[in-house]
Structures are given as C-alpha cells and as structure tokens.
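Before any comments, here is the structure.
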Amino acid sequence: MSVVPELLARHRERLSGFPAPLQQQFEAGLRALAPRLTPTQLEMWSQSGIELTALSLRSWEAAVEYFRAGAELPQTVDWEALETLARESVSMAAESAPLAMSFLRAAPAAARELGPTHLRQWADLGRRLYKGNWKSSSLAAQFYDQAGPLFEVVRLNQAARLVVFIDELSRHSYELASACLTTAPTVLGGLDEDDRVPFISFATELAQSSWADSRLYFERGVHLLQKVHGPARERYLTLAAQVARGHNRSAFQYFEETANAMGELEPDDHFRIIELAEQLAPHSAFAAMDFLVSVPTVLSRIRMDELDAWQDSGLRILQMSHDGGEAYFRLQSTRGEDVLDTLSARVELSKVGEIMRLYCKALTGRNLSLQSSAALTEKGIGWVDQDRASTEGTTIFLPESMERYHDKAENFAAMKVFATHQAGRIEFGSFEFSTDLEPATLQSRLPSLMASRESAAVTAIEAFFDLFPDRKMAADLFTVVEDGRVDASIRREYGGIRKALQRMQQDALATRSDIRKLPLRQAFVENLVRASLDGDDAVRFPKTHREEMEQGLGLLGAAFRQGSNVADSAEATFALYRIASMIPNTIESDDEDGDWEEVEAPDTGDKMSVDIGELGGEGADMQMGDVAEGEEYESPDDVDFRGDFKPELVQLLMKLREDAQGGEAGQQNPQQLTPEQLQELLEKSAEINLDAMMEGDIDQTTGMFLSNLMKEAGTPSGDKENKKGDPTGDASTGEDEDEAPLAPVVTIYYYDEWDFRAHDYKPRWCAVKEQKLEQGEENFYENTLKEHAGLVAQTRKQFELMKPELFRKIKRLPEGEDFDLDAAIDWMIERKAGGSPNEKIYWRRNKIERDVAVAFLVDMSASTDEEINKRDRRPDDDDYDDDPRKYLSWWVSKRRQELSSPPKRIIDLEKESTVLLMTALETIGDQYGIYGFSGYGRDNVEFFVIKDFDEHLDNAIKKRLDKVTPIRSTRMGPAIRHATHKLMLTDAKVKILVLLSDGRPQDHGYGRDRTEKEYAIHDTKQALNEAKREGITPFCLTVDRAGHDYLKTMCEDIGYEVVADIEALPSRLPTLYRRLTE
Amino acid sequence: MANTTYQGHKVHAVEEYTIEEEPYYLAIGDEVSLFETAYEQRIPVLLKGPTGAGKTRFVEYMAYRLARSHSRTTASGESSEHRTPLITVACHEDLTASDLVGRYLLDSDGTRWVDGPLTRAVKVGAICYLDEVVEARKDTTVLIHPLTDYRRLLPIEKLGQVVEAADGFLLVISYNPGYQSALKDLKHSTRQRFIAIEFDYPPKDLETEIISHEAEVGKDVATDLAKLGEKVRNLKEHGLGEGVSTRLLIYAGKLIAQGVPARRACQVAITWALTDDLEVQRSIEEVVTSIFE
C-alpha cells in the first residue's frame, strides 16, 4: 500500500500545474488499480498518464480521462489491456486530444461490452474514421462515444462493417455519416442478427452509388426488410447490393419497390423467387430487380410453379438482348405478355386427367385409363412421338399440357377434342377390323379377296395391309379414311363438341403445306386429308386428273356416311389405293396456276351401298398393279388433334393380351404367336424400321420392342421364346408357360398434403398407387394359425362374446309396436282420476346391429425389416465392450444363434397379428379391409390391397398376406387419406381406422429434408383429423418405443398405444380392437 | 268409407285407391305377360332393378291392366267396373311388422284396433306393393312368408286372428341390388318365395321413346338425352354409385321442353342430382357439353 502515496508524491509536482481534477483522478485511479497491479505496473501506468499531459496544450484533459478510466475499468481488465489502452491513448492524443478523450471516456463501457481483449480492434475502427481534420475527428469521437449503446447491440465484426460504411459515407458527407452513426444502434438493433452484415453491406454499396439515399435506407430499410421472409433476407440484400454495385443511381428506389413487392408474396416462395432473380442478375441487374417488382402482378395470373417457365423465357430473351429482356421483366413487352397469356391459359393433363378419363370412360363404356403420351413412348412398344395423342386400345394417351390458345377454356376444349377423337376410335371401332366384318355403306370386296390369298398375318389388319405393295401409302390412306370417319361420327353423335372440333379442323387446315409443291400422288392423299378435315374448299388438283380426284372424294364421302364401320374404311382405302397408284408421283409444272382447280365430290346420293367399281375404276381386276412412275411416296403432314394411329400395333397388342388371358384360364390357344410371326409383324411397321435403321441394329431393336410388347400385353416374355425355340422343351402342352399373372392393375388416386408452415394444403400433391398385393404362399396363413393355436381359440372366444344381442326392448315411447302394459295401466288410472296421463305407453324392439367397418393400415416400410432381438438388445447388454476381438466372437455366436432359428422381424409380427385379427373379425362378422403401404416420394405412394372391404377371405387373400414385406418409406398422410376414402365407401355406421406402424412417418420430400420430422408428423396428424371429421375413429398403434414423443403430437385427441413388448403384438391387437368397438 | 274430396285434392282410403287412367308403360321384354301369368297363378313377384327404371310405374300399369281383364271376366253385365286396388308401402328402416299389420290406437275410452296397409290389402284382395323391401326391418319380411306360399294367410298375432287373403290379393316387392351390402340383402327364405323380374334401364331407342312421351320433347332431344343416359351409365361404379335413371332423364327433358337451355337442364336434373363429387360432376358436365350444344 505504500506504493500509492509514493507515486502520488513523486508526481505531485508534475501535476500541480494542471487543474485540480487531474490530481484527483490520478489518485482515484491509483487507489483503484493498486490492488490489481504490481508496483512496477502501477508505476508504468502512472507514467503513461503523465506522458499524456505533456503531449499538447489540451492533452491534460485526455490524461484526466485516462486516470478516470483506470478507476472505472472493470475488474476483468488485466495489465495487458491496460498497457494497450495506455499505448493507444498516447498515440491517439498525439494526433488529437479530443479523440483520445472520447476514446478513453468510452473505454470502460467498451471493455464491458466487448471484453478487454478487443479494445485494440475497437481503437483501430475509430482511428479509421479519423482523417486528420476536425470533422473526421469528431466523427471518430462520436464513434467512440457510442461504444456503450452500439456494442450492446452489435458485435465487433458487425461494427467493423458499419465503420466501413460510415467511412464511405463520410467521403461524401460528414453530416450524413454522423446522422447514420447516431441511429445505427437502433437501426441495427431492429434487425435479426444474421441480417446485419448484409444490411450494412448493401448500405455500403448504396453509399458508393447513391450516397444521398443512405439516410432513407437507414430510416426505412429495417421496416422494408421485414417484408422479406427471414431466411431469404440475406440473399435478397446480397442481390440488392449486387444491383447497387451495377452503378445504379436508383438502387434504393429499387430496394424499396422490391421489398414492397416481396411483402405481397407468400413468404415460403421468397427463396425461390430470389433465386430466380439471382439468375438474372449477372445479365442485367435491372432485369433482376424488375423481375422482383413484377412478380406479384405475374403471380396474379399464373401459379408459382409456372413462374420458372416465365422467368426462363425472359432469361432467354435477356441473353440475346438486354433491352428486350429488361422490357420483358418490366412487363412492357408483348412477348412477355404472350408468355404470360400462354402460361396462364395452359391446361395441364395432371390437373384435368381424371375428368378426361371419366369422360372417355363415359363415352366408350370401357374401363380406360388415361396417361400422358410420354408414358406411352417410354414403354418402347412402337410409339415414338411424345407429344401426340394416341391410344393402344385400353389407355388413352394425351399430351402433357395444352397451350395452343390464350384462353384456358379454349385450351381445355382442345384437350377435350384430342380426347374425344381417341375415345372415338374406341367407340366407333377403329381397331375392330376383321374379315368377318361386313361394310355398311360400301360394297364388300375385301373379304373374298383376302380369303383368296394365303397370308401368314397374325391380325386381320396386318393381312389387310399385306395386300398393298406400298404399305406406307396404304397405311396413310387408311388413317385418313378412318380418322375422317371417326371425326364424322363424332360430329354426328356429339352436337355439343362440333364447334370445338370444327375449330381444330380449321386450324389444322390452315397449317397444311402448299399442295402445289407436292408431287401428284402425294397431292392426291393431301387432298383427301383436307377433305376429311371438312375442308372441301381447300381441295386443289390439276384439271388433267380431275376425274380421279372426284372419285377419291366420292369414296371418302361414302365411308363417312352414317352407319359406316371400319370395314368401310378398309374398302375405301383399297379403292383409293388403286386410284392413287395410277397417279404418277411427279411434280406438276407449276407455270400455270390455272391447271389446278377446285374439285368437288360427286353427289352419290343416299345410296346405302356404293359400288366401288363405279368409283374405283374398272374394278374387275383385283390385282394390285405396279405403281405408276414418279418419286418415292412420302406421307402427308400429321393432323395433330388426331394423334398417332397404329391399328396394326393395337390389334397385335389386343391379340397378345387375349393370348395371355387365354393362358391364364389354362386353355391352350391354338393360335399362339410364334416369335417369328411377331418379328415379322414388327418389322413391317414403318416407324420401327426407321428407328432400327438409325440404331443400326435391327435385330436388337425389334427384340427390345418384342419383349416390351409382350410385357405390355402381360405375356410371359423372353424365356418363353427360348423355350419355344428349344427342341427339347415340350412346347405342345404350353401349360407352364402361360401361368404368369397379368400385370397388376394400378389405380392412381391423388390426395392433398398438409403443409403446416403454409397452413394450407398442397393440392393433389401425392399420388397413391393402389394395387392388389401379389400372391405368395398360402401356408403362411395356416402356419400362423397353427403356431398361435391357443391364442386363436382364446381370441375367437372373446369375440364370440361380443356378438350383440339382436333385439332390445325400448319402453315408454310415444308410439311403437304395442302397449307397454304397465304404462298403459298407469295411463288409464291417471286418466280416470282426471289427471293428464303420460302418453308414452308404447314399446318397441330396437334392433342394434353391429355395423362396423374397420380398415387396417400396415406399415410396410423398410424399417420393419429390423429383427426383433436386435431391437431388444440394449448397449449395456453387449458384453464385448469396445474390444474388437470380443465383438467378433460375440457377433459369431449371435450369428450362429440366428442361423439356428431365423429371427423374427417386425413385419413378421405385424403379419401374424393381422392373421389373428382376421380370424377374430371373421368370427364377429365386421366388414374389414387390410392394406399395406409404402412408397418413395410424393408421386409414388404405394398402397397395397391385401383384402378389400368387398372381398371375402379366400385363398388368394391368404396368399397375398404372405407377400407383405418391407419395401421403402413411410408416407403416412396419403395412405391414411386413401384408407379414409375406402372406409367412406362402406356404409357402416361405425368406421374405424387402425394404423399399425413401427416408427414415425418419413419419406423423401416429406419435410424440408430427411431429418425434419415436423412436416411429416403434421401432415399425418392432419390426415387423421380429416378421417375423424368424416366420422371415422382412427387409432394408431406403434411398436416404436420412442413412439410416445411424436404420437403425442400426432394423435392429440386420437387414441394411440405404444406396444412396448413387440412380441405381445399378436395377442394385444385383437384385445385392442375389442376395446375400440365395444 | 267413401272417397272424400277436399279443396282440390282427392283422398282415398288405401284399399280403395285404384288406377283410373292407363299409366304410360312401354314394355321392354315379356314382363307384362309374365306378370299377368304370375297374377293368374297368384305367384308373388319380386321386381329387381335400379332406381328410376320403371318398377313402380310397371306395377301401376299392371294394376290397371289386370283390373280391366278382371272386370271383364267377373263383373260381366254390371256397369260398375271393379278394379283391383293397389296399395303401395314405401319401406324404410324403421318400418316394423305392426306398421304393416296394424296396431291398437288409444281411443277416448280405451283402445281401438286399426288395420295396417297389408291387412287391408289382404282383406280386399288388392295388389300390395312393398317398395324397396330390403330397407324394412328383417322382422317384417318374416311376416309376409305365410302370405307368399300356398297358405295365403296373414296371422294377426295381437288379435289372435288369421286372415285369409281375398282372391285378388298379390304381394309384389321390389328391391335394388345396387346397394348390395351384406346388411341389406334379402334373406334366401324370403327371396325364394317370389319370381323375379329384372328391370334395367331400357335400351336406347326405347328410352328415347319413353323420354319423348313422358317429357313431351322432340325426338332429337329425346335421342340426345337417351345417349347421355347411356354414356353416364358407363361411369357406374367409377365415381357413380348408380347410373342416371330414366326418371332423371325425363326430368331433364321436361325442363328442356319448358325452355330451359339443354346444358343447364342436364346440369340440374342430371349432373348435380347424381353426385356431389366435383370431379365426377365435371366429367359428366363434359359429356353433357359434348352432346348438347
């Protein structure tokens, strides 16, 4: 303690020349520091203060602050920090005493907020603002002065950014810089931690490009920024900074506009929208910002998922021309407007598919399915064009979207015309050509002709095309006639769609290529196409061949008449082919346009039967002559709304399907196709040939088509051929070959999914694919019953007791079957006594029917593959510690144990429990359905029917049970929704849904990432609530020990149970069910 | 119990209600002669078929026809024509045996027995038509057993009586196999007491004629409506529980005849009447717009 007076004494003289506070503060500082410092340190500290007084005229004031700081600095400040402080203040005071004063005055606060170790960095930040003049000095001083409030809010690195900004701003205006600095603590305090640095970065950019806006930014920025979704803010600011950097004087204005625009959008979309803007920014910052400003307007017309397409088409323009692209995103270009119109008017198959399917089903009366054309080409069975409609007899394929017109209704109408034409092919029998079919409006000549020829053809249509040397032309002619006939029939039968059809026909006519440039024979076919499109006015042909054209049109007209069938088309094709083959396929000199004139069909009157001889030239000779000279024939342009027409392939498929079904029934089909026949048929199809040629390997390609086709038809493929080709194989019985089951029928249902973040459903989000589970072995069922014989008997007995009594007498009713004698006597007495008797004197039997339907949903996720002993094994049970050798021996012994008795998996117990429950339910007679579910991703939720409500327990179902196996993920929501749907179809009074699972819901895309649990749980919860709303009693049963955690959330007021002892599941499940329904 | 006429409407005692005017009925097959033969032989008849296919109309028509032939043979020379009354009971799930047979009602000074419609039909020899019989409680179906075999008796337990059926009595029941469900099915012991005549929607050309007659619309509208009927029925089991009935098609026709635009008429009479499922509605709507302009 003696050191303090000593130092005081030593420096008294030196300090006596200064005002009194210096001395006082010195003493106070000394006394405060003395306990913490060694005498030497204390002396050095004193020395620095003394040094300060001598630096300049007013530096003694800094010294006062220095000594005061000594007293006020927090206890944590060690000698090292004190030394730093001394060094910094001395050097600072040498330049500017007021600066050092501010620094020292704020130092205690800064040390408290930042910690003593950061004092130096803090000093540096302030020094950066000091430029040697008094304005900068006062700015730097202000910075130091604000240490307290500032560092209460921000961290040092954020302050560093702030200083960069203030520094930048001070180049332009010290006043502004000072003002911003003043508000900084409040402004930054209003921001989320993560947003601060980007916020200041943008401010810095702003200070560089349009500094005057900085104050506005500081005033309003925080508020504006709140409009941007939190996680997206940083990227948004970075983007905005990028724009400002692009020497944009109106950066703030843009910032304000875009922020306001973002405020109008769904927060969840912000991320994606900013991402899209970021893609534009490298090309043009203006475009990126304009894009953001325009988004709300754009989204009022199109959906969020269409925004990508709109941005993409703008981006492409932008890449070519900046001005063009910028105008596009400012919504000031017709092109942008067009794209918007198209997008907003687009009709997507995924949205209208189900309507179209039912529509086509109604029209045809067949159980059709409907898919996108791409699905057909993927099958690889001969169709190659992804965008054209078509049908293969059981499914109608339509393009994925329709964006032909600027109006949704018109696009829908176009889609409907597409669908109607394909349905028309089925309804009006385009694929039903056979030699037995008599033509209705044309003279019948083909049957006899075809009968006279030996043909190895498999299908009738193939035999028909075999008649023609130029197969391609014959196919084209047949297509024109048949498509035209279908259109004509549609026009006749469906008055309502006529207008839309006409429009499509006219559009098709408008885009046909110039007929005068075509060689004559092709022009002939082209004219037929035009006529079939109801475009008789567009028929042009040279005068010299007028007669042939007239005959052709006449034939067409005859084939289109009411009552015509596909055989008429074939007859017409035959006659047309003969006419066409006589026309040379040469280009008519087009010097004189006058040579081409309009041709009209001759009036054939109402004769029901048209003599082909009359129209098709001298028809006595039925042989196909050589084709007249000229260029090689090429097909006319496609008519898009009619799509692809492949009668040969369709008939082949139908034949294959028939064969496959014949095989199912165990019949021997004498006309089974040989592979050679198939190959031949396939090679005849022009399109396949073309493809194969391109591939350069015909055999391989046709081979592929072959197996695809067989697969499509459900015929056992591949090895079957080998067997047939194999001389040792017994091909004559054909017994074992035909047993392969038909491909399972998959029905797709769409369900919404609940997004708890958006508090809304995602419409038609999940595709549930329902199919019957394949059949396995039957003995699984029986074995389970044997294994649990005791339990079975017990359960059965319990359930017998549940059978309700059929009748119960209800008394005291105002009306009923008969009097209740007691009540009637009371009534009489009361009445005689003059009172007002109780009129409720009847009784009736009330029949209580047990009217229960229950759906069991069995989790077939991969996790159910887990073995039970493994689950039961607790870490502390393992006696191998961490020693690898011990582990190995443990593993070996375990493995041996497993091999001796195969371990049971969760799924096995699920199955066994189900069997037990089934026997119980059979006893009691409740309606029940058993379903399994699994899948991967939202578009592939597999829903397996093990037993449907309307099925009876038979061997097939017992066999299906065996096939319950772990598959993939657990997307519970859609499975529950589908089971709910199934339950709603029953008319039971009590409906129960039991969900049997082994863990939490989980799937790809079922949440933000694989580890997120909330989304899946919320959706499942929502699905359960939906079921409840429908009057269903849901119940969740899990064997997951951790189940309580999430089941509590998932099943708020819904019953659930965690079966801790998994092995008890088979006995527990029936008991639970009983409790549920009693 | 004479018929009384209140303001503008006639009230009949059930057993006295007869069909005075010939109902319109277009035979689709041999159902008319079959029914006549069955009636002559007093074999009870079960009419099976979907709703709105003409079962009730058929019974009315037969009641009218049989009455005529009946009067010709029995009441020869007498001016007052005797018609066979038709007693129709629409069955519902709370219909009990006493609702059919009769019950005691309270009177001022005790109780009074009132015959139920079945008893009345048995007594006067009417055709008793139990519509949608599966809807009724199972105990009612047991009740009709003795009436439907050679005995032709109705025991009235509460009165301790057995009523012999009058000569003209015949029991006709109808049921709709469309609601096939384990709970709503006829017991075999009941089923096998009737001959069954199946009803389905008439073929297109006959349906056209029926619509045209009943709705008083032109042939072309009737054809389109019949076509619509055919198409919509294709959707049965796929979104629709039951196909559109001839009755609904007639309603649509009536609306069109009164000037309601065809598409709108079909919407209210068919699309919306058939289903609440928006997607199916939309599909039917598309069929409608394809057929009607």
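Brief remarks on what is shown
- Qualifying residue in segment A:369-380 (condition: β-branched (Val, Ile, Thr) and under 21 Å from A:Gln651 (Cα atoms)): yes
- Those residues of segment A:483-505 which are farther than 16 Å from A:Ala558 by Cβ, within 13 Å of another protein chain (Cβ to nearest Cβ) and of a type in the set (S, T, N, Q), in sequence order: A:Gln502
- Failed condition for B:Ala67, given (1) more than 14 Å from the chain's Cα centre (by Cα); (2) buried (at least 20 other Cβ atoms within 10 Å of the Cβ); (3) within 14 Å of chain A (Cβ to nearest Cβ); (4) at pLDDT below 85: (3)
- Subset of segment A:10-43 [among the hydroxyl-bearing types (Ser, Thr, Tyr) and under 23 Å from A:Val77 (Cβ atoms)]: A:Thr38, A:Thr40
- Of all residues making up segment A:828-847, the number that are farther than 30 Å from B:His92 by Cα and outside any loop (DSSP other than H, G, I, E, B): 5
- Selection status of A:Val480, within 25 Å of A:Ile426 (Cα to Cα) and more than 14 Å from chain B (Cβ to nearest Cβ): yes
- Counting the residues of segment A:508-529 that are assigned to a helix (DSSP H, G or I) and free of Cβ contacts under 8 Å to residues at least 12 places away in the same chain gives 1.
- Test: residue in segment B:224-246 that is more than 13 Å from every other protein chain (Cβ to nearest Cβ), more than 25 Å from A:Leu368 (Cβ to Cβ) and within 25 Å of the chain's Cα centre (by Cα): yes
- Residue in segment A:290-306 that is of a type outside the set (S, T, N, Q), in a helix (DSSP H, G or I), open to solvent by 70 Å² or more (accessible area, probe 1.4 Å) and under 30 Å from A:Phe218 (Cβ atoms) present: no
- Some residue of segment A:381-393 being open to solvent by less than 40 Å² (accessible area, probe 1.4 Å), at positive phi, at pLDDT below 80 and not in a helix (DSSP H, G or I): yes
- The lone exception for B:Tyr150 - which of (1) assigned to a helix (DSSP H, G or I); (2) in the same structural domain as B:Thr51 (by TED's automatic domain parsing); (3) over 26 Å from B:Ala13 (Cα atoms) it fails: (1)
- Filtered by the rule that a residue be closer than 18 Å to A:Ala62 by Cα, open to solvent by 10 Å² or more (accessible area, probe 1.4 Å) and not aliphatic (A, V, I, L, M), segment A:103-123 gives A:Arg105, A:Arg120.
- Once segment B:249-283 is narrowed to residues that are within 11 Å of chain A (Cβ to nearest Cβ), farther than 20 Å from B:Pro202 by Cα and part of a helix (DSSP H, G or I), the residue that is most open to solvent (accessible area, probe 1.4 Å) is B:Leu278.
- Where a residue in segment A:166-193 is without any contact (Cβ under 8 Å) to a residue 12 or more places away in the chain and its partner, wherever it lies, is open to solvent by 60 Å² or more (accessible area, probe 1.4 Å) and not in a helix (DSSP H, G or I), with Cβ under 9 Å and at least six apart: A:Glu193/A:Arg155
- Residues that are open to solvent by less than 60 Å² (accessible area, probe 1.4 Å), among the aliphatic types (A, V, I, L, M) and not in a helix (DSSP H, G or I), drawn from segment A:15-55: A:Ala34, A:Leu37
- When we screen A:Leu331, A:Leu349, A:Leu343 for residues that are farther than 30 Å from B:Thr275 by Cα, among the hydrophobic types (A, V, I, L, M, F, W, C), away from chain B (no Cβ under 13 Å) and surrounded by 18 or more Cβ atoms within 10 Å (Cβ to Cβ), the only hit is A:Leu343.
- In segment A:836-851, of all residues being more than 10 Å from every other protein chain (Cβ to nearest Cβ) and modelled with pLDDT of 80 or more, the one that is farthest from B:Gly102 (Cα to Cα) corresponds to A:Ser836.
- Filter pass, A:Tyr931 being buried (at least 18 other Cβ atoms within 10 Å of the Cβ) and not aliphatic (A, V, I, L, M): yes
- Residues in segment B:113-160 that are open to solvent by 50 Å² or more (accessible area, probe 1.4 Å) and of a type in the set (Val, Ile, Thr) were compared, and the one that is modelled with the lowest pLDDT is B:Val142.
- Test: A:Thr1033 is open to solvent by less than 50 Å² (accessible area, probe 1.4 Å) and touching a residue at least 12 places away in the same chain (Cβ under 8 Å): no
- Within segment A:366-380, the set of residues being open to solvent by less than 60 Å² (accessible area, probe 1.4 Å) and either within 14 Å of another protein chain (Cβ to nearest Cβ) or part of a loop (DSSP other than H, G, I, E, B) (or both) comprises A:Leu368, A:Ser369, A:Leu370, A:Gly380.
- Applying the condition of being touching an Asp or Glu at 6+ places or on another chain (Cβ under 8 Å) and on the phi > 0 side of the Ramachandran plot to segment B:87-137 and asking which residue is nearest to the other protein chains (Cβ to nearest Cβ) yields B:Gly102.
- Index of the failed condition, A:Tyr144 passing every other in (1) farther than 24 Å from A:Ala179 by Cα; (2) modelled with pLDDT of 80 or more: (1)
- Residue within segment A:508-525 that is touching a Leu at 6+ places or on another chain (Cβ under 6 Å) and surrounded by fewer than 22 Cβ atoms within 10 Å (Cβ to Cβ) present: yes
- Condition check for A:Glu410 on (1) without any contact (Cβ under 8 Å) to a residue 60 or more places away in the chain; (2) over 25 Å from A:Cys766 (Cα atoms); (3) of a type outside the set (Gly, Ala, Ser); (4) within 14 Å of chain B (Cβ to nearest Cβ): one failure, at (1).
- Out of A:Leu398, A:Leu363, one residue alone is touching a residue at least 12 places away in the same chain (Cβ under 8 Å), within 14 Å of another protein chain (Cβ to nearest Cβ) and either open to solvent by 10 Å² or more (accessible area, probe 1.4 Å) or within 24 Å of the chain's Cα centre (by Cα) (or both). It is A:Leu398.
- Out of A:Val539, A:Val486, A:Val529, A:Val566, sole residue that is buried (at least 22 other Cβ atoms within 10 Å of the Cβ) and over 30 Å from A:Ala463 (Cβ atoms): A:Val539
The values are calculated or read from the model by the stated rules, or taken from the named source; none is laboratory data. Computed from a prediction, not measured in an experiment: that's the story for all the values here. Glycine gets a Cβ as well: all are built from the backbone with ideal geometry, and neighbour counts include every protein chain shown. Note: accessible area is taken over every heavy atom of the protein model, side chains too, but ligands, DNA and RNA are not part of it. Shrake-Rupley method; radii C 1.70, N 1.55, O 1.52, S 1.80 Å.
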